[in-house]
Amino acid sequence: IPAVQGTISSDGNTVELTEVLSAQRQEQDAVPSRFRMARVPAPDIGGMLSLQLAQGQCRKDLEQIYEALESFSGENEGRFPLALKDLAPDYLPNAALVTSTEERKVEYVAGLVMPKSPVDTRPKEPDHEPAETYPDRLMQFEQALELSGYGKFLKSEVIVRLSYPALALEGTLTTKGDVRVLNTGEDDSQQLAALRASDQNNLKQLGLVIKMFENEHNGYSPPGWLTTYPEYLTDPNVLVNPKDPPSAGWYDYLLPATHLEELAKQYVTDESDPASLARAMSELPLAMDTTDWPDGGRNLLFCDGHVEYTREWRGVLQRVQ
């Protein structure tokens, strides 16, 4: 049994121990083992419970505010009120819900309107033939959708923001009724891990959307995200990284209107190897985060549908440039 010697800090929270080599271990290259132990501070159960209660109340408040906004817009040709106080008392009996206090700040963006779905006025998709001009016509179709204002309905705008400075908590409500509640504290690794997992799930869903589009469009990927809605992409919220504001840009799309399999064949080094094409598909990036995570990394969707997180994403992008 090795002997140890060491020190303990004056507050009793830190212990440093060093193994004393026995005579049998006095070899030339032997190095004593060193250990440092620190007492883990007890979790603030009360603070955690207060935060959880505030998160639930924040979400409930925002949902109630949206119900009032929706009722108001329904009776005013889609317009939202000039100020939240205009909702009381006809649409919102509790005016305190939209009143700022020292504990909770309420922000409202005036001048926005209830978004309307433009599906009925969607331009007609181009015919698949002739095949040689099909990619160009797909791109023109995406541009026509953008010019028609089709994308305005898919992009959410924040209309109400509730913030709790003492709890580092913030909740947002969009014109489409989407509610998001986040802890804005700098050190919340659990929340970051959950958001990153949600981000990866979004990209995997977009991979399925692209695959379904390919199956019905001569093997070509969509020319843009607008073309996929609503037949293939039913939830526009999937287009936004969950760590970014609801009004942020969509995921970067790298290979629009591209026959992905034909592109991957250009990177096959051994045509006699049946796994070579699959390997090439797994190395070609298809979509990615638009902004970095705190450590500089990003999630990337690859042509084979898998999602990978890496801080070396710039080097990965060179494969399609």
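The values are calculated or read from the model by the stated rules, or taken from the named source; none is laboratory data. Everything numeric here is computed off the predicted structure, so don't read it as measured data. Using ideal geometry, Cβ is built from the backbone for each residue, glycine included, and neighbour counts are taken over all protein chains shown. With ligands, DNA and RNA removed, areas are computed over all heavy atoms of the protein, side chains included. Shrake-Rupley method; radii C 1.70, N 1.55, O 1.52, S 1.80 Å.
Numbers below:
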{"quantity": "Contour excess over end-to-end distance, with Cα ends at SER9 and SER282 and 0.36 nm allotted per residue", "calculated": "93.0 nm"}
{"quantity": "Net charge over other residues, Cβ less than 13 angstrom from the Cβ of TYR267 (K, R count +1; D, E count -1)", "calculated": "-4"}
{"quantity": "Phi-based couplings in Hz for segment 229-242 (Karplus 6.51, -1.76, 1.60; Gly and Pro marked x)", "calculated": "9, x, 5, 10, 9, 8, 10, x, 5, 5, 6, 10, 4, x"}
{"quantity": "Gyration tensor (alpha-carbon) shape descriptor, segment 225-285, a/c threshold 1.5", "calculated": "prolate"}
{"quantity": "Set of lysines with alpha-carbon distance to LYS152 below 22 Å, sequence-local pairs under 8 removed", "calculated": "LYS116, LYS124, LYS176, LYS243"}
{"quantity": "Efficiency of FRET from Cβ geometry, LEU263 and LEU192, R₀ 41 Å, rounded to 0.05", "calculated": "0.75"}
{"quantity": "Additional length obtainable on full extension of the chain from GLU103 to GLU216, 0.36 nm per residue less Cα span", "calculated": "35.3 nm"}
{"quantity": "Carbon plus sulfur fraction of accessible area for segment 190-321, probe 1.4 Å, in percent", "calculated": "47"}
{"quantity": "GluC sites (Glu not before Pro) within segment 212-304, DSSP loop, no more than 10 other Cβ atoms inside 10 Å", "calculated": "GLU271"}
{"quantity": "Added length on full extension, which subtracts the Cα-Cα distance from 0.36 nm per residue, THR184 to LYS60", "calculated": "42.8 nm"}
{"quantity": "Residue-normalised accessible area of segment 179-229, given per residue in Å² at a 1.4 Å probe", "calculated": "47"}
{"quantity": "Sites GLU67 and ASP235, calculated FRET efficiency, Cβ-Cβ separation with R0 25 Å, nearest 0.05", "calculated": "0.75"}
